[in-house]
1. When 1/r is averaged over all different Cα pairs and the result inverted, which Kirkwood radius in Å belongs to the chain?
2. Rolling a 1.4 angstrom probe over the protein chains, ignoring ligands and nucleic acids, what is the accessible area of TYR169 in square angstrom, nearest 10?
3. Might you report the magnitude of the Cβ-based charge dipole of the chain about its Cα centre, with Lys and Arg at +1 and Asp and Glu at -1, to the nearest 20 debye?
4. Would you mind telling me which residue in LEU49, LEU21, LEU66 has the biggest mean-square fluctuation in a Gaussian network model of the chain, where springs connect alpha carbons within a distance under 10 angstrom?
5. Can you give the three extents of the C-alpha atoms in the range 82-176 along their principal axes, from longest to shortest, in whole Å?
6. Can you tell me, using C-alpha contacts under 8 Å and at least 6 residues apart, the relative contact order of the range 56-166 as a whole percent?
7. Based on the Cβ-Cβ distance of LEU62 and ARG133, what FRET efficiency does E = 1/(1 + (r/R0)^6) give at R0 = 35 Å, to the nearest 0.05?
8. How high is the FRET efficiency between LEU9 and ALA107 when r is their beta carbon distance and R₀ equals 41 Å, given to the nearest 0.05?
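The values are calculated or read from the model by the stated rules, or taken from the named source; none is laboratory data. Fair warning: this is a prediction, and the values are worked out from it, not measured in the lab. With ideal geometry, Cβ positions are generated from the backbone for all residues, glycine too; neighbour counts draw on all protein chains shown. Areas reflect the complete protein model, heavy atoms only, side chains present, ligands, DNA and RNA absent. Shrake-Rupley method; radii C 1.70, N 1.55, O 1.52, S 1.80 Å.
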Amino acid sequence: MFDDQLRRLIAGPMGAVARWLPASLRANWVTLAGGLVAFAGLILIGRGLYLWGLGAIVANRLLDGLDGAVARRTAPTELGAYLDAVFDTLFFASVPFAFALADPSRAVAASFLIFGSMGAGASAWIYMAFACRAGMVTMPVASVAESLVMVAGFAIACVFPVWFSFVAYGLGFVAFVAAGVRIAAAVNTFE
């Protein structure tokens, strides 16, 4: 329910921007641009340019929201949904990896966060795949609230890089809890 409210809150401004863009612009181009910005963020943070990296994080998330609005303006495609999911996964792994590149003493904390993120993401996407296979109409999707918490944590770490390890362990714990909740839902649903 909270995710639905967040999606509606985000959809309005993104839809307005999408209507302003040229009709020839394709959603997949926006998705790919977001992926390039995420890669730039990885390089910036990896070189210790944390505030520039934060700018890339914000730009990536805006492009991630915009690609869906552009797709809804034209026609959403399976390829677009696939590319969006892949680039989101890469983005959420790239930021902790970048912090580890900037300071290898953060590698364990970064790895914990990546491990948790992959668990949360896999539990969501695999649940959706099995729900589709079972012919279920409604199913949980990746949480907007979880993504916002993760991005807020990344922002804190960019502004206060010395806090990265604390932020990473906290976000990793939250990700593992989210994965556990989804696994419990799968046990109840598919048993």
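1. On the way: mean 1/r = 0.0576 Å⁻¹.
In the chain this quantity evaluates to 17.4 Å.
2. About 100 Å², rounded to the nearest 10.
3. Using only the charged Cβ atoms, the result is roughly 320 debye.
4. LEU21
5. Largest to smallest, the principal-axis extents are 47, 22, 20 Å.
6. 20
7. 0.55
8. Working: r = 36 Å, r/R0 = 0.89.
Efficiency computed from Cβ-Cβ geometry: 0.65.
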